[in-house]
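Input: a single structure, listed below in structure tokens.
The values are calculated or read from the model by the stated rules, or taken from the named source; none is laboratory data. Since the structure is predicted, the reported quantities are computational estimates derived from the model, not experimental observations. In this analysis, Cβ positions are derived from the backbone assuming ideal geometry, glycine residues included, and neighbour counts consider all displayed protein chains.
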């Protein structure tokens, strides 16, 4: 009797639901300490970009708040002759107002010179990353430049990844005339050298952040398309896709609900590589005058500007922008590697 009750209880107990693909991926990602730290760093940079875009930080990056080429704070305050103060004429000991109409102004000028020297000395001490050739705060420029460069790199990589993934999925899954047309389009884009294609789009779209995003996104999708197409061709004939077809799943459901999660790690790796590549491309475009406008600043324009400063021994702008770029690019690459490992279906089978 007890055995029967035990069997009935076991039969009445509801079966546990299997863990979903995204839940399992998030669990594996949380177990990767390096990936989580890098995700926090990337999130911190994205917060900086958001604050800069909203004007809460680095809004006055164009303001000349210090003296030209002021060294960082840890270098100590600049001497008076480097600050640019000029010794004003001192008031005479005798009254010369009858023969010199400016004599009453001498004392006022001397007081102004003292105030000017004091204010500039304070300004030189409040630039933690130093000043550029116009006396602008390098730290504010780096933060504002991060907004432009990261926005360009991430958005352009997303545009290229979306275009390459969608077109690759359509070509690899459907084949036929759709695949032939997309292969022709791919061959047209790859037949043109990449740098010439970027310059051609730059002439069409002009300058500006939006233009650079479109230029790089439209020029960068072919490589992603080729990889995604091959993955969809391989997965479309596998058993799990055939089983989904047998139970009545639509073509688009099989493409984007069943196959795409299993090839998403390829798209993410390409996304990471293109973010780094597009930030470098933005540097080249801005250096050649085809990138962001003259009223904006980016890491690319700062690197181009720091070349002439480095010759004169002013290294702090180059050091600041290089440090920010290195931290973001490294953290983004490591985070994407961790995300790829969490989504990799081969690793799922080893659990």
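Remarks
- Scanning region 229-251 for residues that are exposed (fewer than 11 other Cβ atoms within 10 Å of the Cβ) and within 18 Å of residue 171 (Cβ to Cβ) yields one hit, 237.
- Among the residues of region 284-302, those that are buried (at least 21 other Cβ atoms within 10 Å of the Cβ) and modelled with pLDDT under 85 comprise 285, 286, 291, 292, 300, 301.
- Taken over region 182-199, the criterion of being in a helix (DSSP H, G or I) and surrounded by fewer than 13 Cβ atoms within 10 Å (Cβ to Cβ) is satisfied by 184, 187, 188, 191, 195, 196.
- Filter result (more than 13 Å from residue 138 (Cα to Cα), modelled with pLDDT of 50 or more and in a loop (DSSP other than H, G, I, E, B)) within region 60-76: none
- Test: residue in region 12-24 that is assigned to a helix (DSSP H, G or I), modelled with pLDDT of 85 or more and either touching a helix residue (DSSP H, G or I) at 6+ places or on another chain (Cβ under 9 Å) or surrounded by 13 or more Cβ atoms within 10 Å (Cβ to Cβ) (or both): no
Matching residues to (1) in contact with a helix residue (DSSP H, G or I) (Cβ under 7 Å, 6 or more places away or on another chain); (2) outside the structural domain of residue 304 (by TED's automatic domain parsing); (3) modelled with pLDDT under 90; (4) surrounded by fewer than 21 Cβ atoms within 10 Å (Cβ to Cβ):
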{"position": "104", "(1), (2), (3), (4)": "no, yes, yes, yes"}
{"position": "118", "(1), (2), (3), (4)": "no, yes, yes, yes"}
{"position": "148", "(1), (2), (3), (4)": "yes, no, yes, no"}
{"position": "162", "(1), (2), (3), (4)": "no, no, no, yes"}
{"position": "175", "(1), (2), (3), (4)": "no, no, yes, yes"}
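- Just one of the numbered conditions (1) at pLDDT 85 or above; (2) over 24 Å from residue 25 (Cα atoms) is not true of residue 239: (2).
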